[in-house]
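**Student:** I am attaching a structure below and will ask some questions about it afterwards.
The values are calculated or read from the model by the stated rules, or taken from the named source; none is laboratory data. Not measured: the values here are computed from a predicted model. Positions of Cβ are generated from backbone atoms using ideal geometry, with glycine treated the same way; all protein chains shown enter the neighbour counts. The accessibility values were calculated without ligands, DNA or RNA, using every heavy atom of the protein model including side chains. Shrake-Rupley method; radii C 1.70, N 1.55, O 1.52, S 1.80 Å.
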Amino acid sequence: MTTSEHLDLVSPQSRANAYATYAGLRAEAPISKVRMPTGQDVWMITRYQECVDFLGDYHRFKTSPTVLPEGVEMPALPEAVLRLLGGSMGAIDPPEHTRQRRLVQSAFTPQYVERLRPAVQAIADSLVDGLLAADERTFDLVEQFAIPLPLTVMSDMLGIPREDRDRFRLWSELLLSLDPTSAQSAPQGMNPAEVMAEIEKFVGYLDALIQGKRANPGDDLISGMTAAEADGEKMTDDELLKMVALLVVGGLGTTQHLIGNMLLALFRSPDQLALLRENPDLAASAVEEMLRYHGSIEISFPRFAAEDTEIAGTPIRRGEMVIAVLAAADRDPERFPLPDKLDITRAQNRHLAFGRGAHMCLGAPLARVEGQVALNTLLARMPELRPAVDLDDVAWRPGLTLRGVVDLPVTY
Ligand code: HEM
């Protein structure tokens, strides 16, 4: 066991070097105690097998902080944030988690999502049409492609009018900016009161949207969820609101950053970019490798030890917070030969980018389709696509939860 209380994980420089920092921790021990920017100490697991065991063990490690010892409390969250995300599916444990997950699972099976591929392709094509029609041949790949693609896919899927997409983008960014690992200022220079006022508007918007769908159901996911039943029970309005908020928070920034990270990784590995251009059929395997190599979720949700226990021989006290560092596990040389090499033909690639166990990413099949469509569309329709800046200068998003570049100027 090591204790790394003074480890810098959040400065812009350390964001750029995160993989090297994690490699250092992983080489020293499977689990280390690290002080977060909030001042809170957490256990970080950096080795693959220990992460797998931990994520699968929802008896000893709970996502809901109900196992905190007496006198220890989590920082209080504002009312509107609690309404949206407090006790959402990501923060509850089986068996209640299992019931809620069953109510949405059918909309995210690989078979169901495969049927959405033509619609995802049409959205990607129309974004590229717009870019090709512009006079300017240099554009920001993040702002003009990686953000609008998942935003439009998600709006259509949930049955949100496309004209409301920008508000959804703002709301999801605001919720993400509250990430305690980020110490990030809110977008557009908003002050905390303005942020809360917007988040309250999001609650009001979702309340009205859900009531509207209950009264006039359509052919969309929210309407489907109003009717879904598991164990003879339907979702309450409150559960539905939290589920939609979780999908918005979980499905936008993650996919956006996967797309940015993929292009960055390919630009840095010209042999792999050439290989993919010549073999578009490698897109599925390339996306898996990019998820492993540059996944967009760096750390798991925190879990809390339900009892005094141990991980790899290190004692963990009841109530202590533990995190699986997915980005570190996916570069563990014990599991992945030459882990720091991008190899889009890698065969043994059971990465942890989507987590593992009960909370494994619900949206993984959708993220995969979006990633594959994004890659193939950009490379096929912009054969000369290349970076327009020095790749060492790209800025990484602050915070540990989401890993991705803030912008990526490109030209074609
Ligand atoms: C590249 C894109 C994505 C990545 C890397 C990613 C990653 C993850 C990870 C690692 C977890 C589990 C966290 C943990 O156990 O601590 C998770 C959970 C989740 N993800 Fe994703 N995700 C992505 C895209 C999406 C999309 C597109 C959606 C929705 C449409 C989504 C919805 C969710 C939900 C609802 C959960 C919680 C599941 C549960 O608690 O049962 N994700 N995701």
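**Student:** Show me, for the stretch 41-57, the HN-Hα J-couplings you get by feeding each phi into the Karplus relation (A = 6.51, B = -1.76, C = 1.60, θ = phi - 60°), rounded to Hz, glycine and proline as x.
**Tutor:** Per-residue couplings from phi come out as 8, 10, 8, 10, 9, 10, 9, 4, 5, 5, 5, 4, 4, 5, 5, x, 9 Hz.
**Student:** Of Leu379, Gly56, Asn216, which is farthest towards the positive pole of the chain's charge dipole, taken about the Cα centre with +1 and -1 on the beta-carbons of Lys, Arg and Asp, Glu respectively?
**Tutor:** My answer, from the dipole projection, is Gly56.
**Student:** How far apart, in nanometres, would the label points at Met190 and Arg268 be if each is projected 7 angstrom from Cα along the Cα-to-Cβ direction?
**Tutor:** With each label placed 7 Å out from Cα toward Cβ, I get 3.2 nm.
**Student:** Still on this model: How large is Rg/Rh for the stretch 2-411, to two decimals, with Cα atoms and a Kirkwood Rh? Can you show the working numbers first?
**Tutor:** Values: Rg = 20.9 Å, Rh = 22.1 Å.
Over the Cα atoms of the stretch 2-411, Rg/Rh equals 0.95.
**Student:** If packing is taken as the average count of other Cβ atoms within 10 Å, what order do 328-337, 14-23 fall into, highest mean first?
**Tutor:** 328-337, 14-23
**Student:** Suppose the chain between Arg381 and Ser106 were pulled fully straight at 0.36 nm per residue; how much longer would it get relative to their current alpha carbon spacing? Kindly include the intermediate steps, with their values, before the conclusion.
**Tutor:** Numbers: separation 275, 0.36 × 275 = 99.00 nm, distance 3.32 nm.
The Arg381-Ser106 span can extend by a further 95.7 nm.
**Student:** Right, something else. Fully extended, how many nm does the chain gain between Asp207 and Asn279 (0.36 nm per residue separation, minus their Cα-Cα distance)? All intermediate terms of the calculation are to be shown ahead of the outcome.
**Tutor:** Details: separation 72, 0.36 × 72 = 25.92 nm, distance 4.65 nm.
Once the chain is fully extended between Asp207 and Asn279, it gains 21.3 nm.
**Student:** Sticking with this structure for a sec: Tell me, what is the FRET efficiency for Ala312 and Gln348 to the nearest 0.05, using R0 = 22 angstrom and their Cβ-Cβ distance as r? Mind showing how you got there, number by number?
**Tutor:** Details: r = 23 Å, r/R0 = 1.04.
Result of the calculation: an efficiency of 0.45.
**Student:** Let me ask you something else. Quick one: go through the stretch 227-260 and flag any residue whose amide nitrogen is under 17 Å from the point 7 Å out along the Cα-to-Cβ line of Arg214.
**Tutor:** Answer for this model: 227-230, 233-245.
**Student:** Ratio of the stretch 172-329's C-alpha Rg to 2.2 N^0.38 Å, to two decimals?
**Tutor:** In units of the globular-protein estimate, the stretch 172-329 measures up at 1.38.
**Student:** Now for a separate question. Take Glu136, project a point 7 Å from its Cα along the Cβ direction, then tell me which residues of the stretch 395-412 have their backbone nitrogen under 19 Å from it.
**Tutor:** Correct set: 395, 406-412.
**Student:** Related question: For the chain, what is the accessible area per residue in Å² when the probe is 1.4 Å?
**Tutor:** Working: 17820 Å² over 412 residues.
On a per-residue basis, 43 Å².
**Student:** Moving on. Please identify which residues in the stretch 17-34 have an amide N closer than 20 Å to a label point set 7 Å out from the Cα of Val406, following the Cα→Cβ vector.
**Tutor:** 17-19
**Student:** Straight-line reach only, C-alpha to C-alpha below 27 angstrom: list the lysines that Lys201 could link to, leaving out same-chain residues fewer than 8 apart.
**Tutor:** Lys213, Lys234, Lys242
**Student:** Still on this structure: By a straight-distance test (C-alpha under 21 Å), which lysines pair with Lys33 as possible cross-link partners, with residues fewer than eight away in the same chain excluded?
**Tutor:** Straight-distance partners of Lys33: Lys62.
**Student:** Just reorder His59, His294 by solvent-accessible area, largest first, 1.4 Å probe, all chains present.
**Tutor:** Numbers: His59 125, His294 10 Å².
Order by accessible area, largest first: His59, His294.
**Student:** Further question on the same structure: Within the chain, what whole-number % of the accessible surface is contributed by carbon and sulfur, with the 1.4 Å probe and all protein chains included in the calculation? Could you put the intermediate results ahead of the total?
**Tutor:** Values: 9470 of 17820 Å².
Carbon plus sulfur share of accessible area: 53 percent.
**Student:** Go through the stretch 278-294 residue by residue and turn each phi into a ³J(HN,Hα) via Karplus (6.51, -1.76, 1.60, θ = phi - 60°); whole Hz please, and just put x for glycine and proline.
**Tutor:** These are the phi-based 3J(HN,Hα) values: 6, 10, x, 5, 7, 4, 5, 5, 5, 5, 4, 5, 5, 5, 5, 6, 9 Hz.
**Student:** OK, next. Report Arg381's accessible area, 1.4 Å probe, all protein chains in place, as a number in Å² to the nearest 10.
**Tutor:** Its heavy atoms expose roughly 80 Å² to the probe.
**Student:** Here's another thing I want to ask about it. Just Ala284, Ala133, Ala29 to compare: in a GNM of the chain, with alpha carbon springs under 10 Å, which one fluctuates most?
**Tutor:** For the chain, modelled as a Gaussian network with Cα springs under 10 Å, the answer is Ala133.
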